[in-house]
Amino acid sequence: MEEEYQSGANLLKEPLSFAELIEGGAQFEVDTADINNPLYEDINLEDDEVGEEEIENEALISPWTRSFDELRELMTPIGEHIYKRITRAGIKDQGPVPEKARVSLRYSAYWEGQSAPFDSSMLRGTKFEFETGSNKVLEGLEAAVRTMYAYEQAEFIISYKLLFHELGCPPRIKPKADGLFKIEVIGFTLIGDQQSLENIAPEDRTKFSIVYPKAQDMHLHGKDCVKRGLYRNALGAFENAITSLNYCRLADDKDELKQRELLITLYTNVMFCNNKLSRPAKVCIAMRALRHLTQNKPSCKALFHEGRALAALGEYERAREAFVQAQAKEPNNKEISEEIIKMEQRVSKYKQSIREIWTRALSTPQEKQKEETVENTEENTANQQVKRDFQAQLEEFDKSALQSIQLSRKGYTDKEFDVLRLLATQHSMKVSMSPLDVDRLTLSKLSIN
């Protein structure tokens, strides 16, 4: 039986300042970034939750209160014991619900001639979810669902032979009672087989043609674990698939290409899981393997995961470099831009904290008070002068016919850079950073229609 681990700790949105912590405490906020982010390699977790209001308003009255024989005339037989009528067509891109899939649905079930359901997921206020092929639901219900596509709605008359059989369960379930089921498939995902690699015979463990589909199954199982927040289980599945693929003998270049593509996906997902489990060092180890597989041309997603890991390790400059490289691959990605801004703020805050700690450690109480007074006066004077200089430059640029000018990031301190961005916004301008050159800034006028 699969052991269910709790998910790992999340990163903080901002690093804690040691100086603030020892003085009067510090506030912090956990980074709960959504894993539906497109920056995560094929782990795409669609939110198929349904709001309470939608469920409460769902009509629970039976769609048919006359005899089932009359309704069968309006339906299509899909087997000896099931009749079906589609009320809303589904999306056929994924095909019908297969075996070894986790399917989410809403349903209501009615006896013949009764308007109220004898069972309904809506009465419980939630969707119903199960794994096909696991024999955990009524045989007739699974058989009906297996004929449906994602987002399809349909009505079924299911024979007692696939429900509660001849005896039923009196008084609630009559003997030989057929049932009317109203079903909506919200969606489904393939779950693979967590035992797939274990079932390979020892003599076949080096045969790529046998191992590869089993590794794909483990990959699907890992994705399903991620969806349920079981990051340790997912990590184990991805790592087992990697080990099995690396152990194979390859017959030709075609096998090598298939192996490399799956390994790249698996290592990227390993990075994601290790970040979720707060294991940044292992993220960096996986990145080394990815750089080897991609000839040092990792994907945007891998660079994003590496940046987050390096930030967790306190390697802010290297983290920022990884994010900038990721941005070069996807310049319009907002999440990457936000991470770069966070890195700027973290580096600035970290340097300020270090300065404050050393100042306090090396100064006497009298010197501290005197230095703080002088520093505040000098800083305020300097800030006012910088602000006036920037104001004059922006006004001159605003009057010119130019639409943009190039600046150097190295020419400004972190505080000066923040002042420049604030003033630019006030003048309907924008300061943007080049994804290819971290030192190059562009000051541009915003077009106002």
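The values are calculated or read from the model by the stated rules, or taken from the named source; none is laboratory data. No experiment lies behind these values; they were computed from the predicted model shown. Glycine gets a Cβ as well: all are built from the backbone with ideal geometry, and neighbour counts include every protein chain shown. For accessibility, only protein heavy atoms count, side chains too; no ligands or nucleic acids. Shrake-Rupley method; radii C 1.70, N 1.55, O 1.52, S 1.80 Å.
The residue that is farthest from Tyr267 (Cα to Cα), among those in the stretch 198-230 that are open to solvent by less than 20 Å² (accessible area, probe 1.4 Å) and more than 17 Å from the chain's Cα centre (by Cα), is Ile200.
When Thr132 is tested against (1) among the polar types (S, T, N, Q); (2) in contact with a helix residue (DSSP H, G or I) (Cβ under 8 Å, 6 or more places away or on another chain); (3) open to solvent by 50 Å² or more (accessible area, probe 1.4 Å), exactly one condition is not met: (3). Mind counting the residues in the stretch 69-80 that are surrounded by 11 or more Cβ atoms within 10 Å (Cβ to Cβ) and out of contact with any strand residue (DSSP E or B) (no Cβ under 7 Å at 6 or more places or on another chain)? So the count comes out to 1. Residues in the stretch 409-448 that are assigned to a strand (DSSP E or B) and open to solvent by 50 Å² or more (accessible area, probe 1.4 Å) were compared, and the one that is nearest to Lys387 (Cα to Cα) is Lys430.
Annotation for the stretch 243-253: no member residue is within 23 Å of the chain's Cα centre (by Cα), open to solvent by 20 Å² or more (accessible area, probe 1.4 Å) and not β-branched (Val, Ile, Thr). Per the listing Asn240, Asn269, the residue uniquely in a helix (DSSP H, G or I) and either small (Gly, Ala, Ser) or open to solvent by 70 Å² or more (accessible area, probe 1.4 Å) (or both) is Asn240. Scanning the stretch 148-171 for residues that are touching a Gly at 6+ places or on another chain (Cβ under 9 Å), of a type outside the set (Phe, Trp, Tyr) and open to solvent by less than 70 Å² (accessible area, probe 1.4 Å) yields a count of 10.
This table checks each residue for (1) more than 20 Å from Leu180 (Cβ to Cβ); (2) in contact (Cβ under 8 Å) with a residue 60 or more places away in the chain; (3) assigned to a loop (DSSP other than H, G, I, E, B).
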residue	(1), (2), (3)
Pro63	no, yes, yes
Arg66	no, no, yes
Asp69	no, no, no
Gly79	no, yes, yes
Pro98	yes, yes, yes
Gly113	no, no, yes
Leu123	no, yes, yes
Asn135	yes, no, yes
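Being at negative phi and open to solvent by 40 Å² or more (accessible area, probe 1.4 Å) holds for only one residue in Arg124, Arg106, Arg102, and it is Arg124.
The set of residues in the stretch 137-149 that are touching a residue at least 40 places away in the same chain (Cβ under 8 Å) and either among the hydroxyl-bearing types (Ser, Thr, Tyr) or more than 25 Å from Leu220 (Cβ to Cβ) (or both) comprises Gly140, Thr147, Tyr149. Listed by first and then second residue, the pairs with beta-carbon distance under 7 Å, at least 6 apart or on different chains, first residue in the stretch 323-352 and free of Cβ contacts under 8 Å to residues at least 60 places away in the same chain, second assigned to a helix (DSSP H, G or I) and among the polar types (S, T, N, Q), are Ser337/Gln327.
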